[in-house]
Amino acid sequence: MEIKKYAAIDIGSNAVRLLINTITEVDRKRPYFKKTAFVRVPIRLGEDAFVNGSISQEKCRRMLETMKAFSMLMDLHDVDHFQACATSAMRDAKNSADLTNRIQVETGIPIEIIDGDHEAAIIASTNLYDFIKPEKTYLYVDVGGGSTEFTFFSDGQPVVSKSFNIGTIRMMNNLVTPELWKAAEQWVKTHAEKYDSVRLIGSGGNIKHIFKASGKKAKKPLSYFYLGSYYQLLNSLTYEERVSQLRMKLDRADVIVHATKIYLSAMKWSGARKVYVPKIGLSDGIIKSLYNHYKTT
């Protein structure tokens with residue numbers, strides 16, 4: 001039996017996350033991934049990067065302190081391998097290189113700023129086999145603060161992926177143009193029309209919140225009707241009412257409206273009537289890619 005600990009740091013436009021997994025291998029059996037720790041810090045880098053083009057001094061300070069804390073946590077958990085990836089906000093920020101260099105010097109954590117296609121590919125590497133049936137076609141939709149990644153799965157394998165700069169933080173600041181919406185719609189429709197039917201797989205904190213609120217059992221899908229009804233409920237409430245009545249986190253109660261619109265749009269474009277919500281995301285994909293890398297080297 002072999003036991004290793006892997007960690008992933010996902011530096012998103014809304015939040016920064018640390019995921020630590022313990023991976024156990026016994027003989028030739030399929031490796032078992034167990035979540036050991038998960039920490040989420042809502043820094044909202046996108047508020048600065050998308051509006052002002054750079055990350056403010058205060059958010060740089062918070063990022064540095066967060067990475068110091070993550071470094072200590074990984075050390076305490078005796079992590080064997082880790083990787084840190086930054087997405088849309090850090091791609092857009094003019095001072096991202098200065099920030100990542102400072103973080104590496106002071107914490108020892110190198111940060112890779114990945115492009116949208118690479119992000120989609122990492123997400124596609126997550127273990128979805130408990131949800132995907134080989135005879136069915138799925139559209140995997142991962143909604144973030146700065147971008148949304150779309151991946152079509154057919155015959156149990158990823159077929160094509162695409163990232164669009166349509167994210168909740170961008171939408172809050174009116175930075176998503178009608179032309180960009182149309183481009184995403186056309187891309188999804190073009191690939192969806194090749195198949196008789198498509199099911200949606202939703203990834204991201206907002207869809208996970210909606211799934212939990214639905215009371216559905218694990219692996220059971222949400223319907224298009226339910227998601228549409230929930231969207232109407234969200235729009236009928238103020239930010240304060242979403243926090244008090246729906247018990248939402250402060251940094252969730254505003255972005256969730258925009259995220260729900262993206263999921264509903266993806267369902268409409270693809271013709272999907274159901275959305276499955278696994279507990280996976282970019283962090284899981286990073287760990288899976290990291291594990292595959294060290295198993296082949």
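Taking a cut-off of 21 Å between Cα atoms, list the lysines near Lys194, but don't count ones fewer than 8 places away on the same chain.
Within the straight-line limit of under 21 Å, Lys194 reaches these lysines: Lys133, Lys136, Lys162, Lys182, Lys268, Lys274.
Quick check for the stretch 2-116: number of Lys pairs with alpha-carbon distance under 16 Å, counting only pairs 8 or more apart or on different chains?
Values: Lys4/Lys29; Lys4/Lys34; Lys4/Lys35; Lys5/Lys34; Lys5/Lys35; Lys59/Lys68; Lys59/Lys94.
Eligible lysine pairs with Cα atoms under 16 Å apart amount to 7.
Each residue of the stretch 239-254 in order: what ³J(HN,Hα) in whole Hz does its phi give by Karplus 6.51 cos²θ - 1.76 cosθ + 1.60, θ = phi - 60°, with x for Gly and Pro?
With coefficients 6.51, -1.76 and 1.60, one gets 4, 5, 5, 5, 5, 7, 7, 9, 6, 8, 5, 4, 8, 9, 5, 9 Hz.
Quick check: net charge around Phe150, other residues with Cβ under 12 Å of its Cβ, Lys/Arg +1 and Asp/Glu -1?
That works out to -3.
To two decimal places, what compactness ratio does the stretch 139-297 give when its Cα radius of gyration is scaled by 2.2 N^0.38 Å? Write down the numbers at each step before the final one.
Working: Rg = 16.0 Å, N = 159, 2.2 N^0.38 = 15.1 Å.
Taking N as the residue count of the stretch 139-297, the ratio is 1.06.
At each listed q (0.12, 0.15 Å⁻¹), what is the log10 of I(q)/I(0) that the Debye formula gives for the chain modelled as equal alpha-carbon point scatterers?
Treating every Cα as an identical point scatterer, log10 I(q)/I(0) equals -0.79, -1.24.
Counting only other residues whose beta carbon sits under 14 Å from that of Gly108, what net charge do I get with K and R as +1, D and E as -1?
Net local charge, Gly108 excluded: 0.
Based solely on its DSSP helices, what 222 nm [θ] is calculated for the chain when runs of n ≥ 4 H residues each add -39,500 (n - 2.57) and the sum is averaged over all residues, nearest 500 deg cm²/dmol? Each step should come with its number before you reach the end.
Values: 12 runs with 134 residues, N = 297.
After summing the helix terms and dividing by the residues of the chain, the value is -13500 deg cm²/dmol.
Less than 14 Å Cβ to Cβ from Ala253, Lys/Arg counted +1 and Asp/Glu -1: what total charge do the surrounding residues give? Could the numbers behind the result be given before it?
Numbers: positive: Arg44, Arg242, Arg247, Lys249, Arg252; negative: Glu240, Glu241, Asp251, Asp254.
After counting each charged neighbour, the total is +1.
Cα centroids of the stretch 156-173 and the stretch 238-293: how far apart, whole angstrom?
12 Å
Test of understanding: express the Cα radius of gyration of the stretch 2-116 as a ratio to 2.2 N^0.38 Å, with N the residue count. Intermediate results must be reported in sequence, preceding the final value.
Values: Rg = 15.3 Å, N = 115, 2.2 N^0.38 = 13.4 Å.
My calculation over the Cα atoms of the stretch 2-116 gives 1.15.
Springs between alpha-carbon pairs under 10 angstrom, Gaussian network model over the chain: which of Val277, Val255, Val243 fluctuates most?
Maximum among the listed residues: Val243.
If I model the stretch 52-105 as equal point scatterers sitting on the Cα atoms and use the Debye formula, what is log10 I(q)/I(0) at q = 0.14, 0.25, 0.27 Å⁻¹?
Ignoring solvent entirely, the Cα scatterers give -0.41, -1.05, -1.15.
In whole Å, what is the distance between the alpha-carbon centres of the stretch 1-32 and the stretch 41-60?
Comparing the Cα centres of the stretch 1-32 and the stretch 41-60, I get a distance of 28 Å.
Which of the aspartates and glutamates could a cross-linker span from Lys220 if the Cα-Cα distance has to be under 13 Å and same-chain partners fewer than 8 positions apart are dropped?
Once the sequence-local aspartates and glutamates are set aside, what remains near Lys220 is Asp130.
If I take all pairs of Cα atoms in the stretch 153-216, what percentage of them are more than 16 Å from each other? Provide the component values of the computation, followed by the final result.
Numbers: 1256 of 2016 pairs.
Looking at the stretch 153-216, the distances longer than 16 Å represent 62 percent of pairs.
Tell me, what is the FRET efficiency for Gln104 and Tyr32 to the nearest 0.05, using R0 = 30 angstrom and their Cβ-Cβ distance as r?
Working: r = 32 Å, r/R0 = 1.07.
Efficiency at R0 = 30 Å is approximately 0.40.
Counting DSSP beta bridges with both partners in the chain, what percentage is antiparallel, nearest 5? Don't skip to the answer; put the middle values down first.
On the way: 34 of 50 bridges.
Within the chain, antiparallel bridges account for around 70 percent of the total.
Coordinate-derived values only; no laboratory data. Please read all numbers here as calculations on a predicted model, not as lab measurements. Cβ coordinates were reconstructed from backbone atoms using ideal geometry, including for glycine residues, and neighbour counts include every protein chain displayed.
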